[in-house]
Structures are given as structure tokens and as C-alpha cells.
1. Going by amide H atoms built from the backbone, whose H comes under 5 Å of the H on Asp56, apart from near neighbours?
2. With the cut-off at 24 Å, tell me which of the pairs Lys63/Lys93; Lys63/Lys195; Lys74/Lys195; Lys71/Lys171 have Cα atoms farther apart than that.
3. Which ³J(HN,Hα) values in Hz, rounded to whole numbers, follow from the phi angles of segment 112-118 under the Karplus curve 6.51 cos²θ - 1.76 cosθ + 1.60, where θ = phi - 60° and Gly and Pro get x?
4. Over the Cα atoms of segment 127-214, what Rg and Dmax result, in angstrom?
5. Near the amide H of Arg152, under 5 Å away, which other amide H atoms are found, from residues 5 or more places off or on another chain, if H is placed in the peptide plane?
6. Could you order the peptides 150-163, 61-74, 199-212 from most to least packed, using the average number of other C-beta atoms within 10 Å per residue?
7. What's the ranking of 109-117, 167-175 by average number of surrounding C-beta atoms within 10 Å, highest first?
8. Per residue, how many Å² of accessible area does segment 121-213 show with a 1.4 Å probe?
Amino acid sequence: MTPKRVLVVGLSAVILFGGGGFTAYTAIQNANTPVKPVFELDDMAAIASGDLYTPDPEADALKAAAVQAYKAKKLKDGRAGGDDDDYTWVEVKERAPGGDGFPPANFPPGSDPSPGSNKAVAKAMMGSFGFGADQWGCLESLWHKESGWNERAMNRSSGAYGIPQSLPGSKMASAGADWQTNAATQIKWGLGYIKGRYGSPCGAWGHSQRVGWY
């Protein structure tokens, strides 16, 4: 008996004895649907990204712990205030970190970080996320505090990575497979994250000012 005949006989039994008409119909439809690859590149990126908009308690706890570690170090070193321009909490990586199936990556030759260019890219992208010019000051301050607008910045304590300090960095794969090295991809992800979780850059900046992270 051929596999197709076995399927037909089995489905007939379900219909006759189990009243499973809908189940049988669904099975037939599925059997006639062309098989797709289990995971395509976009699927893998979506899996790695997680949900951009739902708070991640584990990541939030790591962010909070990193803020406390930074404050403790400032006290130990005898420093006071909120001097965010020293960036002692981040390390500028010589090789992009991996994670969630992504191997570490080399930065393209000659592609040194350019905070000014990265700001221009972000400013141009804001409108596509529904953010007006009035939100620019908040975004500039937020990512200046987080990373100095450096796509190679990694938090020494939490491991957050990139211009928006994604935790883990592989969440940015939802915006592009080149998330490790491409500032524009990081910015795209970061704007989506801000919109989904805080509504606006000023909402994210306000949260950061209150608790030290966003």
C-alpha cells in the first residue's frame, strides 16, 4: 500500500469514527502544501531577536546591576557626579562579539567608528519611526550616555552592545544580519526598540534619567 493510500484510509477512519472532519481537512491541506525550508535567514534573525517590545526581566536586571557596578567603581575611585563622557563602563571592541549562533565578526577594514556620521543616520531615520525633530535631543543624549554613538561599544558589566546597547547584542539581528558591524542596522533596531517599549526617545531618556538604564 502506498503512503498516499495509507493517508487516505487513515483520514477516512478519522472522519467515520472520530468525527474529525476539520482535522482531516487540515491534514490534507498540509499534505498538499509545498515544503519550505525550516529556517531561512530572516527566520533565524527573528528567533535571535526575541520580542522587541516586551520587557525582559533578566536583561533589565543585568542593566540595573551594571549601573550599580559603575556607581560603585566611581565611589571607589573617588569620582563623583554623572560624568558620562569618560565611558569607563564600556569597552570599544576590536572584534565584534557573537552570540545566539552568530560567530564573532571582524570589522570591515578602514571602517573606524564615526559618531557624527552615526548621528546623521539616526536623524534621517527618525521620521520613518514616527519621531519628530523635537525628539532628537533626547535620542542624542540617550545614546551619547549609552555608547558615545560608537557601534563597537560593549558594556563591561552587562555585555550590552552597540550604539543602542542591546542586551544581548544578538537581539539586533531582527534589523539585519550585519548587526555586529553596521551602525545603521544597530540604529534601526534601537529606534524600533525605543518606539515599542517607551513610545519615544524622550520617554526612553526619561526612564534612563530615573533609573540609569532604558
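1. So Asp56 has HN proximity to no qualifying residue.
2. On the way: Lys63/Lys93 19 Å; Lys63/Lys195 19 Å; Lys74/Lys195 32 Å; Lys71/Lys171 27 Å.
Beyond 24 Å: Lys74/Lys195; Lys71/Lys171.
3. 5, x, 9, x, x, 5, 5
4. Reported Rg and Dmax, both Å: 11.9, 33.
5. Distant-sequence amide H within range of Arg152: zero hits.
6. The densest-packed peptide leads the list: 150-163, 199-212, 61-74.
7. Values: 109-117: 10.9, 167-175: 24.2.
Sorting 109-117, 167-175 by mean packing, highest first, produces 167-175, 109-117.
8. Numbers: 3170 Å² over 93 residues.
Each residue of segment 121-213 exposes 34 Å² on average to a 1.4 Å probe.
The values are calculated or read from the model by the stated rules, or taken from the named source; none is laboratory data. Please read these numbers as outputs of a predicted model, since none were measured by experiment. Cβ: placed from backbone, ideal geometry, glycine included. Neighbour counts: every protein chain shown. Protein only, heavy atoms only, side chains kept; ligands, DNA and RNA dropped before computing areas. Shrake-Rupley method; radii C 1.70, N 1.55, O 1.52, S 1.80 Å.
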